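Accompanying notes for the structure given below.
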């Protein structure tokens, strides 16, 4: 019995299907870091503000290729992450309500990113916005991937 992996096995990707992921953060360095951390398991798209994220999310729904994951910064200028979260969930509800033939009521797994120690932010994200989790900045790759895979 050989202890070396065969060529066919080693050529298989670590993750069977890459998750369509929207990263929303007003700091380009954070976006680049997250894209780098998630390259093996996610097909990443990026927005640097709330309105841009809403447009990308809506377009993905319209094209019947919705996002699987959204990594959403809580503290952004203009429209903050909690406000964006509520808009994204409303879009999903409208889509599911309007499309009666839509077999699967699909919702994105929305994970809030925060460097804040303000518990009110997380309270609002969970109870008012229906997020699926949060991750603290600075990012930990292992924790981040665990959060993403938790919804699989």
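Since every read-out is calculated from the coordinates, none of them should be taken as a lab result. What you are looking at is a predicted structure, and each value in this text was computed from that prediction instead of being measured. Every residue, glycine among them, receives a Cβ derived from its backbone with ideal geometry; neighbour counts consider all protein chains shown.
Using Cα pairs under 8 angstrom and six or more residues apart, how large is the relative contact order of the stretch 17-149, in percent? Present the calculation step by step, with values, prior to reporting the outcome.
Numbers: 200 pairs, mean separation 29.8, N = 133.
Averaging sequence separation for qualifying contacts and normalising by length gives 22 percent for the stretch 17-149.
From largest to smallest, what semi-axes in whole angstrom does the stretch 17-149 give when each is the square root of 5 times an eigenvalue of its alpha carbon gyration tensor? Walk me through the numbers on the way to the answer.
Numbers: eigenvalues 98, 60, 37 Å².
In descending order the semi-axes read 22, 17, 14 Å.
For residue 35 and residue 99 in the same chain, what is the full-extension length gain: residue separation times 0.36 nm, less their Cα-Cα distance, in nm?
Taking residue 35 through residue 99 to full extension adds about 19.8 nm, to one decimal.
How do the peptides 106-115, 40-49 rank, highest first, by the average count of neighbouring beta carbon atoms within 10 Å per residue?
Numbers: 106-115: 19.9, 40-49: 18.2.
With the highest mean Cβ count within 10 Å placed first, the list reads 106-115, 40-49.
Give, as ranges by residue number, the residues of the stretch 15-48 whose backbone N falls under 11 Å from the point 7 Å along Cα→Cβ of residue 65.
20
How much FRET efficiency would the formula 1/(1 + (r/R0)^6) give for residue 106 and residue 86, where r is the Cβ-Cβ distance and R0 is 22 Å, rounded to 0.05? Don't skip to the end; give the middle numbers.
Values: r = 18 Å, r/R0 = 0.83.
That pair, residue 106 with residue 86, gives E of 0.75.
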